[in-house]
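Structure first, commentary second.
FYI, it's all coordinate maths here, none of it is from the lab. The structure displayed is predicted, hence computed values, not measured ones. Note: ideal-geometry Cβ built from the backbone for every residue, glycine included; neighbour counts use all protein chains shown.
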Amino acid sequence: MRKSMVAAAVAGAAMLLLTTAAPAMAVIDGTTDTTNRFPNVGGLQVRSGGEWFDFCTGTLVAPDVVLTAAHCTDFFAGAGGPPGAPGPDDWRVSFEADPDENSTYYGADHFVVHPDWPGFGGGGVGNSKMSFLKDGNEDIALVFLTKDVANVTPAPVADAGYLDGLDLTSETFTVVGYGTDEFITGSAASPKAITVYDGARSYKDVSVITQQDLFPDRFVKITKSVCFGDSGGPLFHEGTLVALNTWTFSYRCDGPNLEYRVDSAPAQSFLDANL
């Protein structure tokens, strides 16, 4: 398979990973970030056939480091991708709220994926404790850039157990991402779905669902918000990054979502070792 075909295929797979059959695009019913409220959240792009395509979201957490989901990086060469996969030169990020061909972009030097993530083609289906969500499948990665990002302050990352110290039922959180804003007809499983996608950064305040949380404690469940392409983007609490957009329970992004906790022990160990 030609490199461009591989790039397109793996980008599509990453975008679908936030559904019931895989992990998260843009914020459903969100607010476009016209005031640049979240300047350290960027839109990730992959190059295929000479063109650039949006596929995930990430957050600047050091002057030259982007934090994102493992499933947003594992298909690249050097991060577990298949033969002919796109490499670091085929990855870029912009921290502009509505990037275009004239925007400033930053390239990747290398990727560091959590060693316990199963990797591209590693198997697993859906939101199951015996699949992608089981212990040992840590959906977190870092992208080291080729240079520091200018005039953007990195986001603070939660310390160990940050969420355990909160009364989750009374707190407000904010998700941020680039990608699909709404499904008009069909769903991610439909061949001719009609969607609203503007490629701009958007955000939405959400709350945590604590009832019937039958999922690993490395995740927190939030109300309807994120969708395909939001994958890897942040869940903020008062400006601190506490989790990553990873899973939705609906092909139309019409239900609750699971966020991977960066304050969990596996995530903290990974960040301490690499950041």
In whole Hz, the Karplus estimates of ³J(HN,Hα) for region 139-149 (6.51, -1.76, 1.60; θ = phi - 60°; x where Gly or Pro) are 8, 8, 8, 10, 10, 8, 7, 6, 7, 5, 7
At a 10 Å Cβ-Cβ cut-off, how would you order 96, 101, fewest neighbours first?
101, 96
Would you mind getting me the FRET efficiency between residue 272 and residue 110? Use the beta-carbon distance for r and R0 = 30 Å, nearest 0.05.
0.95
Report ³J(HN,Hα) in whole Hz for each residue of region 235-240, in order, from the Karplus equation J = 6.51 cos²θ - 1.76 cosθ + 1.60 where θ = phi - 60°; Gly and Pro get x.
10, 9, 10, 6, x, 9
